[in-house]
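A short worksheet on the structure shown next.
The values are calculated or read from the model by the stated rules, or taken from the named source; none is laboratory data. Because the structure is predicted, anything quoted here is derived from the model rather than measured. Here the Cβ positions follow ideal geometry from the backbone for every residue, glycine too, while neighbour counts run over all protein chains shown. For the accessible areas, the whole protein counts, side chains as well, though only heavy atoms, and no ligand, DNA or RNA atoms are used. Shrake-Rupley method; radii C 1.70, N 1.55, O 1.52, S 1.80 Å.
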Amino acid sequence: MGATITSNASAVDPGIAGKGYVHPDVLVSTDWLAEHLDDPNIRIIESDEDVLLYDTGHIPGAQKVDWHQDLNDPVLRDYVSSEQFEKLLRDKGIDESTTVVFYGDKNNWWAAYAFWVFQLFGFTNAKLLDGGRIKWEKENRAFNTTVPRYKKTSYKAPKRSDEKIRAFFQQVREHSASGKPLIDVRSPEEYTGQRTHMPDYPQEGTLRGGHIRGARSVPWARAANPDGSFKDADSLRAIYEKEQGLKKGDDIIAYCRIGERSSHTWFVLTYLLGYDRVRNYDGSWTEWGNAVRAPIEVGPEK
């Protein structure tokens, strides 16, 4: 069910090693990245909610991946084909030998989402910048507006495989009916049904509020420190294991509104805590809240 944990990357960043994660190699610190900006074997990818943010200034050497235009099919509600993914990576100078470091705004929502989509294609030589854009900026590190160009590669993409880390509507319905763990990572107001969207965001296409029957409310932001970095492993276990009773062998599905916040939680459970049966329901509430006769609960957790 879970993601395959493999990596071609080098030794663990000392700035991450002390945080106690099961797979610390999937994160790098701002110090580490600052020291590796000129490494020819690294490609830095910025993926933001605000798709115009990259153009105002980005980490030197970073390239942009637009979550909407580059990762989503323009017609079908799905992700790009293997051919489209292959072209994207070739154009950005990426192949299997390249270590890709993702970062972005909103405490790495969309960076985690891009990381997750790359995993659908089996691209495992990937990392997140701990703290993302906000931490880099708060530390007064360099930004520039130069758009880099790299030599195209001959990267060959495999067929996309959704089964291990992606969940679909009917699978979620069966999961809910069987009482297996469902994690709703949205805000408490979205969970209870008071809102159909995030606070301070417009209503975006969901007709009914509430949560999937049996889902537990664990807002994604609880896993992050004020500077955008991930909390240490002990703090994360206190949230997901002591409070929620999750266990490493559990079959878990996480969801939010369209799959970006739940990608963040999927990353935490899969890589930082080492759970091997976690899937992201990217249809999330925009699908569930509009589906005819989908079982919905409102109000606080029971």
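Side notes on the structure shown:
- Net charge dipole, the chain: roughly 720 debye, given to the nearest 20, about the Cα centre with Cβ charges of +1 for Lys and Arg and -1 for Asp and Glu.
- Placing pseudo-labels 7 Å out from each Cα toward the beta carbon at residue 177 and residue 55 gives an inter-label distance of 4.8 nm.
- Rg/Rh for the stretch 48-87 (Cα atoms only, Rh after Kirkwood) is 1.05.
- From the coordinates of this entry, Cα Rg over 2.2 N^0.38 Å is computed, and it appears in (i) 0.96; (ii) 1.05; (iii) 1.12 under the label (i).
- Start at zero, step by 10 Å, and the Cα-Cα distances of the stretch 208-277 spread as 19, 57, 23, 2 percent across the bins.
- Per-pair calculated FRET efficiency, R0 = 25 Å: residue 164 and residue 34 via Cβ, rounded to 0.05: 0.15
- When the Cα positions of 177, 266, 29 are compared along the charge dipole of the chain, 177 comes out farthest toward the positive end, with charges on each C-beta of Lys, Arg, Asp and Glu.
- Residues listed by number, the stretch 282-302, amide nitrogen under 17 Å from residue 207 label point at 7 Å toward C-beta: 284-297
- For the stretch 242-302, convex hull of alpha carbons as volume per residue, Å³: 104
- Additional length obtainable on full extension of the chain from residue 290 to residue 87, 0.36 nm per residue less Cα span: 69.7 nm
- Solvent-accessible surface of the chain, taken per residue with a 1.4 Å probe and all protein chains present: 43 Å².
- Between the amide H of residue 224 and those of 231, distances stay under 5 Å, these residues lying 5 or more places away or on another chain, with hydrogens modeled in the peptide plane.
- Cα gyration tensor category, rounded, prolate or oblate, for the stretch 1-146 with a/c compared to 1.5: oblate
- The alpha carbons of the stretch 91-193 occupy a box of 50, 38, 17 Å along the principal axes, longest dimension given first.
- Across the alpha-carbon atoms of the stretch 144-276, the computed radius of gyration and Dmax are 17.4, 52 angstrom.
- Per-residue ellipticity at 222 nm computed for the chain from its helices equals -6000 deg cm²/dmol, with DSSP H segments shorter than 4 residues left out and the rest contributing -39,500 (n - 2.57).
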